[in-house]
Amino acid sequence: MPVKNRFAEMQAEITEWRRDIHAHPEILFDTNRTAALVAARLQDFGCDEVVTGIGRTGVVAVIRGKSTGSGRVIGLRADMDALPIHEATGLGYASKTEGAMHACGHDGHTAMLLGAAKYLAETRNFDGTVVVIFQPAEEGGGGGKEMCDDGMMARWGIQEVYGMHNWPGQPVGSFAIRPGAFFAATDTFDITFEGKGGHAAKPHETVDTTVMAAQAVLALQTVASRNADPVDQIVVSVTSFETSSKAFNVIPQKVHLRGTVRTMSHTMRDLAETRIKEVCTGVAATFGGVVAVDYDRGYPVMVNTPEQTAFAAEVARSVSGACAEAPLVMGGEDFAFMLEERPGAYILVGNGDTAMVHHPEYDFNDEAIPAGCSWWAEIVEQRMPVA
């Protein structure tokens, strides 16, 4: 089963939707224009139910098949939000909003799921129910969690859920997936060292927070190199070092560190939090200062369930002829919250030789549209075949 001809016919139309969304990016939960556009399209397609305001600005639509005797209900999810990046593509449909850009391809994800929804509403060639999910605030806002917290899974009886992300550097329209842990948990830390400030020429009269914090930055590297099993994946990165003084001749009273932790298991996540607090407490005590550590758990590890992953890979092979094993990704993905509530799988679709995501010159490759739409549609038709 190659790419569906219907999506080749629809490609220009779907591309037009995608580029309109691209030109009007919206950040986090402020996806009001995009959500309204999505809801209007879904209404036009003749979906059986269209509901807005799930997870603040999310949109959910229901499409029932020719029969629903199987009792199966499958969720398909796309993200809608953009990033706070100034676009540098120079494209004719480039962002019209200063400081906002679809730099991760969520415009493409939304357009592809709309294309699949239109096809599924036209054909209804399945036995069961499809719930299409358009989510805000994937980029750090936890929109997936908010939709789940609004009771989305139970309200529509979703039994399985599937997601997709474009992937630069992978051939256009090809697929890659892996079972189990796939995308990392994304935690952050905020650390404040406090000592005794003073004149830089009299360091003996101070408790030097700059030295204290510098020592902590180095010591925190041992969480990965000396506390974690070498076969486990963990990243501890200090990304900001800020003192309370900008003068050349002042030892600051406080130094503030920020950073991120990426892990692929609950065990490593617990280890990282414990050791960061212990290391910083020990360093502060050694130098005679005090420390406050605020450790915030963000997105959990995104875990593909084995049965659904094998099925998703089989569907991908039916669309493109092959499905590669994807690498572990230390970036985060809040589809993880949906996979904590229901079994399912997340797949990568190739974006070709383009700039990487989150880059100001990135653009979603519209040539991936037929393959992406076909995968969505085949997930439904193969998982819920008409008898």
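Things to note:
- S265 touching a His at 6+ places or on another chain (Cβ under 8 Å), of a type in the set (G, A, S) and at pLDDT 95 or above: no
- Annotation: of all residues in the stretch 93-129 being basic (K, R) and part of a loop (DSSP other than H, G, I, E, B), the one that is nearest to the chain's Cα centre (by Cα) is K96.
- A368 in contact with a helix residue (DSSP H, G or I) (Cβ under 9 Å, 6 or more places away or on another chain) and in the same structural domain as D81 (by TED's automatic domain parsing): yes
- Restricting attention to the stretch 350-364, the residues that are surrounded by 19 or more Cβ atoms within 10 Å (Cβ to Cβ) and either farther than 15 Å from A82 by Cα or not assigned by TED's automatic domain parsing to the domain that holds H86 (or both) total 3.
- Each residue in the stretch 51-68 was checked for being touching a residue at least 60 places away in the same chain (Cβ under 8 Å) and either part of a loop (DSSP other than H, G, I, E, B) or not aliphatic (A, V, I, L, M) (or both), and 9 pass.
- Only one entry in G65, G90, G55 is assigned by TED's automatic domain parsing to the domain that holds D150, at positive phi and more than 22 Å from the chain's Cα centre (by Cα), namely G90.
- Of I369, I379, I347, all but one fail to be surrounded by 19 or more Cβ atoms within 10 Å (Cβ to Cβ), modelled with pLDDT of 95 or more and touching a Leu at 6+ places or on another chain (Cβ under 9 Å); the exception is I379.
- Residues in the stretch 229-252 that are of a type outside the set (D, E) and under 19 Å from F182 (Cα atoms): 6 in all.
- Which listed residue is modelled with pLDDT of 95 or more and under 23 Å from I234 (Cβ atoms), from G331, G352, G289: G331
- Screening the stretch 170-244 for strands (runs of 3 or more DSSP E) wholly inside it with 2 or more residues that are hydroxyl-bearing (S, T, Y) and at pLDDT below 95 returns no ranges.
- When the residues of the stretch 14-50 are filtered to those that are touching a helix residue (DSSP H, G or I) at 6+ places or on another chain (Cβ under 8 Å) and without any contact (Cβ under 8 Å) to a residue 60 or more places away in the chain, the one that is nearest to S174 (Cα to Cα) is L37.
- Residues (farther than 18 Å from V238 by Cβ and either among the β-branched types (V, I, T) or touching a Gly at 6+ places or on another chain (Cβ under 9 Å) (or both)) located in the stretch 265-285: T267
- Listed by first and then second residue, the pairs with beta-carbon distance under 7 Å, at least 6 apart or on different chains, first residue in the stretch 337-348 and touching a residue at least 12 places away in the same chain (Cβ under 8 Å), second hydroxyl-bearing (S, T, Y) and assigned to a loop (DSSP other than H, G, I, E, B), are P343/T305; G344/T305; A345/T305.
- Scope the stretch 70-84; condition outside any strand (DSSP E or B) and in contact with a helix residue (DSSP H, G or I) (Cβ under 9 Å, 6 or more places away or on another chain); matching residues: R72, M80, D81
- Among the residues of the stretch 134-164, those identified as closer than 26 Å to N351 by Cβ and out of contact with any strand residue (DSSP E or B) (no Cβ under 6 Å at 6 or more places or on another chain) are A137, G140, G141, G142.
- Candidates A310, A324 - the one that is surrounded by 16 or more Cβ atoms within 10 Å (Cβ to Cβ) and in contact (Cβ under 8 Å) with a residue 40 or more places away in the chain: A324
- Test: V291 is farther than 15 Å from F183 by Cα and not assigned by TED's automatic domain parsing to the domain that holds V130: yes
- Scanning the stretch 336-366 for residues that are among the acidic types (D, E) and more than 22 Å from F182 (Cα to Cα) yields D353, E361, D363, D366.
- Residue list for the stretch 261-312, filter: over 20 Å from K145 (Cβ atoms), hydrophobic (A, V, I, L, M, F, W, C) and touching a Pro at 6+ places or on another chain (Cβ under 9 Å): A310
- For A285, the conditions (1) buried (at least 18 other Cβ atoms within 10 Å of the Cβ); (2) outside the structural domain of K145 (by TED's automatic domain parsing) all hold with the exception of (1).
The values are calculated or read from the model by the stated rules, or taken from the named source; none is laboratory data. Fair warning: this is a prediction, and the values are worked out from it, not measured in the lab. Neighbour counts run over all protein chains shown; Cβ positions are idealised from the backbone, glycine included.
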